[in-house]
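Notes follow once the structure below has been shown.
The values are calculated or read from the model by the stated rules, or taken from the named source; none is laboratory data. Keep in mind that this is a model prediction, so the values were computed, not measured. Glycine also receives a Cβ, built like all others from the backbone with ideal geometry; neighbour counts cover every protein chain displayed.
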Amino acid sequence: MTLESLGLPGLFLSAFVSSTIAPGGSEAVLAYLVNGQRYAVEQLVIVATVGNSLGALTTWWLGLWAAKKYPAETMLSDKQRKSLSTVRQWGSWALLFSWLPVVGDGLCFAGGWLRLSLLSSLLAIFFGKALRYIAIAYAFI
């Protein structure tokens, strides 16, 4: 059984897992379901966006937890400190790019580590991920 065959729950699970530290392919699942035309495109985009955003918030919470146990000054290399400084400078706006492969998880983690506002982080994450899923969905209609 594949995630695609699970329909909306499979899409949600794929999107959630894809947005945590684990690799995933929610874009492929979304494209497959859009092509199948069993669900409204808007419904698919919402399910994928919510799942992916909740996965990103999980990474954000891991960053918050890590900051309590491991201060940045003692754990990070100079390059990582510079990345953290960039997120610090841009604040929650940096999380608009949480959809980017490889870098996105780090942005969410840094957002939690820096204790960025949960609400503004969630809004930035959700908006960025929604735009990405809208673009993917409409590319496969």
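For the list (1) surrounded by fewer than 15 Cβ atoms within 10 Å (Cβ to Cβ); (2) among the β-branched types (Val, Ile, Thr); (3) in contact (Cβ under 8 Å) with a residue 12 or more places away in the chain, I need the number of the one condition that ILE125 fails.
Of (1) surrounded by fewer than 15 Cβ atoms within 10 Å (Cβ to Cβ); (2) among the β-branched types (Val, Ile, Thr); (3) in contact (Cβ under 8 Å) with a residue 12 or more places away in the chain, only one is false for ILE125: (1).
Scanning segment 98-117 for residues that are more than 21 Å from TYR70 (Cβ to Cβ) and touching a residue at least 40 places away in the same chain (Cβ under 8 Å), which turns out surrounded by the most Cβ atoms within 10 Å (Cβ to Cβ)?
SER98
Go through segment 76-141 and tell me which helices (runs of 4 or more DSSP H), entirely inside it, have 1 or more residues that are at pLDDT 90 or above and of a type in the set (Gly, Ala, Ser). Spell out the reasoning first.
Working: elements: 78-90, 103-113, 118-139.
Fully inside segment 76-141 and qualifying: 103-113, 118-139.
From the list ASN52, ASN35, which residue is in contact (Cβ under 8 Å) with a residue 24 or more places away in the chain, out of contact with any helix residue (DSSP H, G or I) (no Cβ under 9 Å at 6 or more places or on another chain) and outside any loop (DSSP other than H, G, I, E, B)?
ASN35
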